[in-house]
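So the structure is just underneath, and the comments pick up after that.
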Amino acid sequence: MLVYIDMKQADSDRKLKPEPCILIIAGITGNLAKKYLLPALYDLIVADMLPDNFKIVGLSRRDIETADLLRIIEDDLGNKRQKVNKKALLKMTEMLHICLMNISKPQDYKILREDLDKIEDDLGLCMHRLYYLAIPPQIFGPVIDGLGTFGLNKGCQHGSTESRLLLEKPFGFDLASAKELVGRLNNSFSEDQIYRVDHYLAKENAQNILTFRFENPLFSRIWDRNSIEYITITAAETIGIEDRADFYDQIGALRDFVQSHLLQLLCLATIEEPADRSAESLHKEKVKLLNSVAVIKQDEVASRAVRGQYEGYAAEVGNPKTTTETFAALRLQIDNERWRGVPILLRHGKAMTDKITEINFKLHDRLKAGHPPSILTIRIQPDEGIVLSLVAKKPGFDSQTQTAQMQFCYDQHFADALPNAYEYVLVDALRGDRGLFPTADEVIRSWEIIENVVQAWTHNEHKPEIYEVGSQGPESAKKLAMEVGASWETHQLKVC
Ligand code: BG6
């Protein structure tokens with residue numbers, strides 16, 4: 001007779017390694033799984049970070065050879081010029097199972113339930129269940145309903161394990177649909193079972209922002225409008241839309257990046273110190289901050305938002321009339337004591353000069369004309385680090401000053417390679433730690449802030465400005481910054 005182990009009883013030191021779990025991936029052959037999830041799982045096997053009992057169940061309408069999935073990982077390793085760890089690949093093969101079903105048919109979730117129960121029966125274990133929806137948001141609905149209908153939201157058949165649901169953005173297309181999605185999710189899953197993935201929050205130096213701000217009193221004391229003149233957040237990519245034309249042409253840069261990644265980074269850069277290290281306290285501060293970000297009013301869209309499209313995009317998506325933006329910039333303000341009057345500039349674009357994500361805090365300075373400004377840069381990627389420009393006396397007898405830099409670079413301070421953001425996403429979800437995952441309240445408020453822009457752009461009240469591939473985006477974005485005496489350029493000579 002099988003003995004079922006209820007992992008809730010497990011002793012506390014087991015917490016370090018996540019408890020036994022089945023990861024169910026809807027969209028196992030899709031772009032996200034190929035580009036991020038499968039390689040991250042492989043890396044976690046190599047780092048021995050997965051639970052001792054762990055299974056991956058891919059949902060698919062057709063039978064997929066495990067070898068095909070593993071080839072994706074080998075290609076990824078090839079691109080990174082890394083040697084294949086054969087043992088890890090073999091382990092992954094043993095973990096993988098394909099459940100043959102149509103994810104859009106709610107009745108097919110009976111097949112999934114039987115497969116999951118069988119895995120647990122064979123292992124004699126109760127396991128947590130993590131459902132990862134790596135699929136377009138248009139098909140979230142039937143999946144959520146199917147999971148709910150067949151009790152797959154309730155954890156293991158014999159014990160008290162948890163079912164968690166991981167979702168990829170965009171969480172809705174506008175305010176109304178985001179609210180509808182929250183409602184639909186809550187029919188089957190409670191808020192604490194829902195993990196909304198924003199992988200930018202999981203990037204190493206993004207996770208370091210709060211530590212940097214609050215563990216170094218030198219900085220926490222100057223973190224306000226008295227010392228910081230303005231803040232810019234840039235997430236630029238050199239790639240275009242790759243093979244995601246259908247998806248991207250319906251979404252655009254504002255929904256793809258600004259509503260999620262950029263507003264979340266803004267939270268980390270500007271929230272008050274959370275009461276403690278719990279996910280609840282962090283979420284509470286983020287909601288508070290977002291509530292104090294002023295909504296862009298209908299009559300402010302033209303002056304506070306810039307919409308761009310890179311040259312050749314329309315031909316690439318095969319839609320000559322497309323007005324989808326591949327670049328979006330916003331100018332926001334935070335109406336609270338700490339930040340009142342400090343311009344906040346956010347921009348994201350594809351097909352730009354460099355791949356860079358960074359947050360720049362322009363400090364009030366006394367520099368004379370011609371000198372580079374004083375800036376604190378938090379570089380999220382690549383070359384992760386933090387750089388502060390200082391004024392220094394230039395060596396010599398004529399008392400001149402020059403800007404110099406103080407740098408903290410990850411690759412100089414830490415020997416090990418940084419874990420990839422999706423490794424953190426998976427490990428935290430396996431551990432049941434929701435700190436990295438935005439809540440429904442955060443998501444809804446983020447939509448509220450930009451709703452008027454979303455609507456104006458959806459109805460084409462503002463056509464995108466065409467910009468050159470490999471450029472800094474549309475000219476109007478420069479103006480958006482200049483109008484408040486700001487600049488996107490950092491003049492930092494080198495960041496790590
Ligand atoms: C995703 C966006 O969230 O992030 C993509 O949907 C974008 O459009 C990607 O290319 C960039 O992620 P990263 O980690 O490569 O900077």
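The values are calculated or read from the model by the stated rules, or taken from the named source; none is laboratory data. As the structure is a prediction and not an experimental result, all values here were calculated from the model. As a convention, Cβ positions derive from the backbone with ideal geometry for all residues, glycine included, and neighbour counts pool all protein chains shown.
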**Item:** Options Val287, Val295, Val301; residue that is touching a His at 6+ places or on another chain (Cβ under 7 Å), surrounded by fewer than 21 Cβ atoms within 10 Å (Cβ to Cβ) and modelled with pLDDT of 95 or more
**Value:** Val301
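Condition test on Asp276, is it out of contact with any Leu (no Cβ under 6 Å at 6 or more places or on another chain), buried (at least 16 other Cβ atoms within 10 Å of the Cβ) and either in the same structural domain as Leu426 (by TED's automatic domain parsing) or part of a helix (DSSP H, G or I) (or both)? Before the answer, list the steps.
Details: out of contact with any Leu (no Cβ under 6 Å at 6 or more places or on another chain): yes; buried (at least 16 other Cβ atoms within 10 Å of the Cβ): no; either in the same structural domain as Leu426 (by TED's automatic domain parsing) or part of a helix (DSSP H, G or I) (or both): yes.
So Asp276 fails the test.
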**Asked** Is it fair to say Ala477 is touching a strand residue (DSSP E or B) at 6+ places or on another chain (Cβ under 7 Å), at pLDDT 95 or above and crowded, with 16+ Cβ neighbours inside 10 Å?
**Response** yes
**Message:** Here is a check on your reading of the model: is Lys55 part of a helix (DSSP H, G or I) and of a type in the set (Lys, Arg)?
**Reply:** no
**Prompt:** When the residues of the range 342-372 are filtered to those that are assigned to a loop (DSSP other than H, G, I, E, B) and among the acidic types (Asp, Glu), which remaining residue is nearest to the ligand (Cβ to nearest atom)?
**Reply:** Asp354
**Message:** Name the single residue that is farthest from the ligand (Cβ to nearest atom) among those in the range 211-243 being part of a loop (DSSP other than H, G, I, E, B) and of a type in the set (S, T, N, Q).
**Reply:** Asn226
**Prompt:** Between a first residue in the range 267-289 that is without any contact (Cβ under 8 Å) to a residue 60 or more places away in the chain and a second residue that is outside any helix (DSSP H, G or I) and buried (at least 17 other Cβ atoms within 10 Å of the Cβ), which pairs have beta carbons less than 6 Å apart while being 6 or more apart in sequence or on different chains?
**Reply:** Ser281/Pro274; Glu285/Ile271; Glu285/Pro274; Leu289/Ile271
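Every residue, every condition in (1) outside the structural domain of Asp43 (by TED's automatic domain parsing); (2) part of a helix (DSSP H, G or I); (3) farther than 26 Å from Ala477 by Cα, yes or no:
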residue	(1), (2), (3)
Leu330	yes, no, no
Arg340	yes, no, no
Asp411	yes, yes, yes
Pro419	yes, no, yes
**Request:** Name the one entry in Gln298, Gln250 that is within 16 Å of the ligand (Cβ to nearest atom) and of a type outside the set (Lys, Arg).
**Result:** Gln250
**Asked** When only residues in the range 410-429 that are under 16 Å from Leu37 (Cα atoms) and hydroxyl-bearing (Ser, Thr, Tyr) count, which is farthest from the ligand (Cβ to nearest atom)?
**Response** Tyr424
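For the range 313-328, which positions are in a loop (DSSP other than H, G, I, E, B) and either under 27 Å from the mean Cα position of the chain (by Cα) or without any contact (Cβ under 8 Å) to a residue 24 or more places away in the chain (or both)? Break it down stepwise before answering.
Quick first cut of the range 313-328, residues in a loop (DSSP other than H, G, I, E, B) only: 318-326.
Those that are in a loop (DSSP other than H, G, I, E, B) and either under 27 Å from the mean Cα position of the chain (by Cα) or without any contact (Cβ under 8 Å) to a residue 24 or more places away in the chain (or both): Pro320, Lys321, Thr322, Thr323, Thr324, Glu325, Thr326.
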**Prompt:** Based on what the data block shows, is Tyr424 buried (at least 19 other Cβ atoms within 10 Å of the Cβ), touching a Leu at 6+ places or on another chain (Cβ under 9 Å) and among the hydroxyl-bearing types (Ser, Thr, Tyr)?
**Reply:** yes
